[in-house]
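Chemist: Once you've had a glance at the structure underneath, I'll fire off some questions.
Here, each number is a calculation from the coordinates, and none is a lab measurement. This is a predicted model, so every value here is computed, not measured. Note that we place each Cβ from the backbone using ideal geometry, even for glycine, and neighbour counts take in every protein chain shown.
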Protein chains: 4
Amino acid sequence: MEQPTETRQRYAYFLQIPTRWMDNDIYGHVNNVQYYAFFDTVIGDYLIRHGGLDIVNDAVVGFAVESLCQYRRAIAFPELVEAGLRVARIGNSSVRYEIGIFTAGYDAPAATGYFVHVFVDRTHGNRPTTVPDKLRAALAKLFMVSR
Amino acid sequence: MEQPTETRQRYAYFLQIPTRWMDNDIYGHVNNVQYYAFFDTVIGDYLIRHGGLDIVNDAVVGFAVESLCQYRRAIAFPELVEAGLRVARIGNSSVRYEIGIFTAGYDAPAATGYFVHVFVDRTHGNRPTTVPDKLRAALAKLFMVSR
Amino acid sequence: MEQPTETRQRYAYFLQIPTRWMDNDIYGHVNNVQYYAFFDTVIGDYLIRHGGLDIVNDAVVGFAVESLCQYRRAIAFPELVEAGLRVARIGNSSVRYEIGIFTAGYDAPAATGYFVHVFVDRTHGNRPTTVPDKLRAALAKLFMVSR
Amino acid sequence: MEQPTETRQRYAYFLQIPTRWMDNDIYGHVNNVQYYAFFDTVIGDYLIRHGGLDIVNDAVVGFAVESLCQYRRAIAFPELVEAGLRVARIGNSSVRYEIGIFTAGYDAPAATGYFVHVFVDRTHGNRPTTVPDKLRAALAKLFMVSR
């Protein structure tokens, strides 16, 4: 599970996500669950704003098939999260995203992880289908080799 | 805002909702926000299971227009919440629900509140519309006069 | 329940809160519950950043006693929420906050509501106590008369 | 990442967790993030109820260091989740839990994953420390070999 240190330079797109009061759990830190909300927020934000994904009307949408997070340093409200995103693999119907969770004052991420989408056609029983061209073009811009 | 004490007898339908780890906030109690999740969960559960509401396919669905909660006693994970529901008013297009949040060992609620739905037609620009008959019949069974 | 129209000018402090993917519910809008997360986030942010509240170490902290929200216009991810805050009443141990939830392109709020804190001493069985001077001074700066 | 099919028999402790209205996201299924709330809820429930963990007063508590989820079948509100838990490894200061998320009518899990705790001493700068005996004894009862 050892990995070379990740820095902001290893990510291609960033979204600022302020923490919320209730992200903190009883131990006074952002709860482990919320990191995955940061993951799918930066991914969804990119697909909608830069890939033209229409989550209401598009027939083809991404479903989560696997995600992972390694927690390295605690975060606490009201810290501001900077979620960094890169794309590590674009297959026929699936995409692997890698995410770094950064906070002010640190080069090293507070957490790193990945998230895998499979694209499905909602009008055909959620059957896996090719990543739509508009998304594929947008995702290609975030492609960086994983170490 | 003083009210006579509410007890379980003042509610017509109950749903058990176990608290979750992350419901607790930094002060060690279920965060104020989560009570509203208990509210719309007991309401949605009743409408789906007992009123035949189909949240995927029905054209007419309920949108929240107002909600309120009075917090009376703290709850903490892993306590089990018993959410009590009654219907206080059924109008042409709106319904006022009243909710009591109970926990084991207490007659008095940990919190009380209300929630108002207006029913809208998703196929007509979310315009307010008559409460569908199947829901009206189910909701009538929970009608109890507010004190 | 009719109120004169609220605008941004009626609020004294603002916090930008980007919506998150999972704020959207099945109807494609930010779920009613999340508005209360916006409420306690702007309040907590102000108390910590401008009032010196130390949520880990301070003996005196605010507990929610009542909250309300009126929903006026739907919001959807990835819209950016601007949460406006004012203080409508500072009592001996309690504070009433009023919140307006705004989004880009609209003068009228998407939602308005209030939130009441009672300050308690955690070292004395959570007994209500005077609002600490450092918080009282900070809150006074946000005081605006409710209409 | 292929694994032999997991069934309820492969888990040692179960907690019923009803889904909540807002667990559903815009696609009409429980959002990927919420599965991790099921994970840390079944773990926390077991540690508190069966291991005597006191999350308010104990100096030694578990911090998340890594978690993963593989999503196999969509779940939707108001389905009832049965979260199955086993312990796959108990080290000096860390514990690896494996979780299966089941729903009525299916032998195969809707999702499977793991969660790793490192136990830290809050009174010594959150330094990693030995798993407390009371927890170790309780966790040993859930030990099952991973396939």
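Chemist: What are the ³J(HN,Hα) couplings of region C:55-64, residue after residue, when phi is run through the Karplus curve with 6.51, -1.76, 1.60 and θ = phi - 60°? Round to Hz, x for glycine and proline.
Modeler: 6, 8, 9, 5, 6, 9, 9, x, 10, 5
Chemist: Exactly which chymotrypsin sites (Phe, Trp or Tyr not before Pro) in region D:48-147 are in a DSSP loop and have at most 14 other Cβ atoms within 10 Å? Please report the intermediate quantities before stating the final value.
Modeler: Working: sites: D:Phe63, D:Tyr71, D:Tyr97, D:Phe102, D:Tyr106, D:Tyr114, D:Phe115, D:Phe119, D:Phe143; in loops: D:Tyr106.
Here the sparse-neighbourhood loop sites are D:Tyr106.
Chemist: How do B:Arg96, A:Arg73 line up, fewest other C-beta atoms within 10 Å first? Mind showing how you got there, number by number?
Modeler: Details: B:Arg96 17, A:Arg73 13.
In order of increasing Cβ crowding within 10 Å: A:Arg73, B:Arg96.
Chemist: To the nearest 10 degrees, how steep is helix D:34-51 against the longest Cα principal axis of chain D, on a 0 to 90 scale?
Modeler: Once rounded, one gets 40 degrees.
Chemist: Placing a label point 7 Å from Cα toward Cβ, how far apart in nm is D:Gly91 from its equivalents in the other copies, listed shortest first to one decimal?
Modeler: Result, one decimal in nm: 2.9, 5.2, 6.0.
Chemist: Further, regarding this structure: In units of 2.2 N^0.38 Å, what is the alpha-carbon radius of gyration of chain D?
Modeler: On the way: Rg = 15.6 Å, N = 147, 2.2 N^0.38 = 14.7 Å.
Expressed relative to 2.2 N^0.38 Å, the Cα Rg reads 1.06.
Chemist: Where does region D:23-90 land on the Kirkwood hydrodynamic radius, alpha-carbon pairs, in angstrom?
Modeler: Values: mean 1/r = 0.0714 Å⁻¹.
For region D:23-90, the Kirkwood estimate is 14.0 Å.
Chemist: Over the protein assembly as shown, with a single point scatterer placed on each C-alpha, what log10 of the ratio I(q)/I(0) does the Debye formula yield at q = 0.09 1/Å?
Modeler: Here log10 of I(q) over I(0) equals -0.70.
Chemist: For chain C, give the magnitude of the charge dipole about the Cα centre (Cβ charges: +1 Lys/Arg, -1 Asp/Glu; no others), in debye to the nearest 20. Display every interim value, and only then the final one.
Modeler: Numbers: 15 positive and 15 negative charges, 82 e Å.
For chain C, the charge dipole is close to 400 debye.
Chemist: Still on this structure: What's the local net charge at D:Ile55, with K and R +1, D and E -1, over the other residues with C-beta under 14 Å away?
Modeler: Details: positive: B:Arg20, D:Arg49, D:Arg122, D:Lys134; negative: A:Asp25, B:Asp23, B:Asp25, B:Glu79, D:Asp40, D:Asp45, D:Asp54, D:Asp58.
Counting the neighbours of D:Ile55, the net charge comes to -4.
Chemist: Could you give each residue of region A:100-109 its phi-based ³J(HN,Hα) in whole Hz, using Karplus coefficients 6.51, -1.76, 1.60 with θ = phi - 60°, and x for Gly or Pro?
Modeler: Going residue by residue, I get x, 9, 10, 9, 4, x, 10, 7, 7, x Hz, with x marking Gly and Pro.
Chemist: Considering Cα pairs under 8 angstrom that are at least six residues apart, work out the relative contact order of chain C and quote it in whole percent. Intermediate values should be presented prior to the final figure.
Modeler: Values: 291 pairs, mean separation 44.9, N = 147.
That works out to 31 percent.
Chemist: Moving on. Amide H to amide H under 5 Å from B:Arg89: which residues, 5+ apart in sequence or cross-chain, H placed 1.01 Å off N in plane?
Modeler: Sorted by chain and number, the residues that satisfy this are B:Arg96.
Chemist: Next up: Taking amide H positions as placed in the peptide plane 1.01 Å from N, state which residues far from B:Ile17 in sequence (5 or more) or on other chains have amide H under 5 Å from it.
Modeler: B:Val81, B:Glu82, B:Ala83
Chemist: Something else: So what's the net charge close to A:His117: Lys and Arg +1, Asp and Glu -1, counting the other residues with Cβ under 13 Å from its Cβ?
Modeler: For residues surrounding A:His117, the net value is 0.
Chemist: List the chymotrypsin sites (Phe, Trp or Tyr not before Pro) within region A:1-58 that fall in a DSSP loop (any state other than H, G, I, E or B) and whose Cβ has at most 10 other Cβ atoms within 10 Å. Mind dumping the intermediate values first?
Modeler: Values: sites: A:Tyr11, A:Tyr13, A:Phe14, A:Trp21, A:Tyr27, A:Tyr35, A:Tyr36, A:Phe38, A:Phe39, A:Tyr46; in loops: A:Tyr11, A:Tyr27.
The qualifying sites: there are none.
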